[in-house]
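Taking it in order: structure first as structure tokens, then the write-up.
The values are calculated or read from the model by the stated rules, or taken from the named source; none is laboratory data. Note that this is a predicted model, so its numbers are computed, not measured. Note that each Cβ is placed from the backbone with ideal geometry, even for glycine, and that neighbours are counted across all protein chains shown. Accessible surface is based on the protein model in full, side chains and every heavy atom, while ligands, DNA and RNA are left aside. Shrake-Rupley method; radii C 1.70, N 1.55, O 1.52, S 1.80 Å.
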Amino acid sequence: MAAENLAGQNFLIPNGTFLVELAIFLIVLGVIWLFVVPPIREVLAEREERVARTAADGQRARELAAAAADRYRSAVIEARGAAARVREQARSEGRTILMSARERARSEADAMVVAATIELRSHADATAARLRDRIDPLAQELADRVSGGVVVERT
């Protein structure tokens, strides 16, 4: 009996309780393996699939953003070139308009000078004619006085 008593007190020697607990543990482990693990694996697989899709979507978005940035840069470069061409064309047209306005101003100034010259000549001719009308009699009178002729008074 002492040997039995020792066996009952020695925890290293398995007894019936241990075997029952081991069987219950294995049954619970089997139930968990059959009914709990598969849904968890499905959820994890779905999660991995979503993560992979999200990563692929992110990569596509980065590629689209890079392509859009390239298109934007090329559009900006093209717009700057177009703006430079428009500015140059505007400068050219401005120079043309300025030259045309200067030419018109010169022709108008020349026309005004010609008109003023004609007007001054006509005034000079009219003044010369009036002076001739007044000076001719005076010159005649002076010539008569100098030559000793008869002085005729005019009023």
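Remark: the chain carries 90 Å² of accessible area per residue (probe radius 1.4 Å; ligands, DNA and RNA excluded). Relative to the longest principal axis of the Cα atoms of the chain, helix 37-147 runs at roughly 0 degrees. Listed values [x] 0.96; [y] 4.16; [z] 1.19 include one computed from this model; for Cα Rg over 2.2 N^0.38 Å that value carries the label [y].
Working from label points 7 Å from Cα in the Cα-to-Cβ sense, the R73 to V28 distance is 6.3 nm.
Hey, what number do you get for the chain at 222 nm if only DSSP H runs of n ≥ 4 count, each worth -39500 (n - 2.57), divided across all residues, to the nearest 500? Numbers along the way, then the final one.
Working: 3 runs with 135 residues, N = 155.
Calculated from helices alone, the mean residue ellipticity at 222 nm is -32500 deg cm²/dmol.
Of the accessible area of the chain, with the probe set at 1.4 angstrom, what percent is carbon plus sulfur? Roughly 64 percent, rounded to a whole number.
If the segment from R53 to M99 were pulled out straight at 0.36 nm per residue, it would be longer than the present Cα-Cα gap by 9.8 nm. Rounded to the nearest 10 degrees, what's the angle between the helix 16-31 long axis and the longest principal axis of the chain, both from Cα atoms, 0 to 90? Roughly 30 degrees between the two axes. Take the alpha carbon atoms of region 65-134, find their center, do the same for region 38-57, and report the distance between the two centers in whole angstrom. Using only Cα atoms, the two centres lie 75 Å from each other. Using only side-chain charges placed at the Cβ, +1 for Lys and Arg and -1 for Asp and Glu, the dipole size of the chain relative to its Cα centre rounds to 560 debye.
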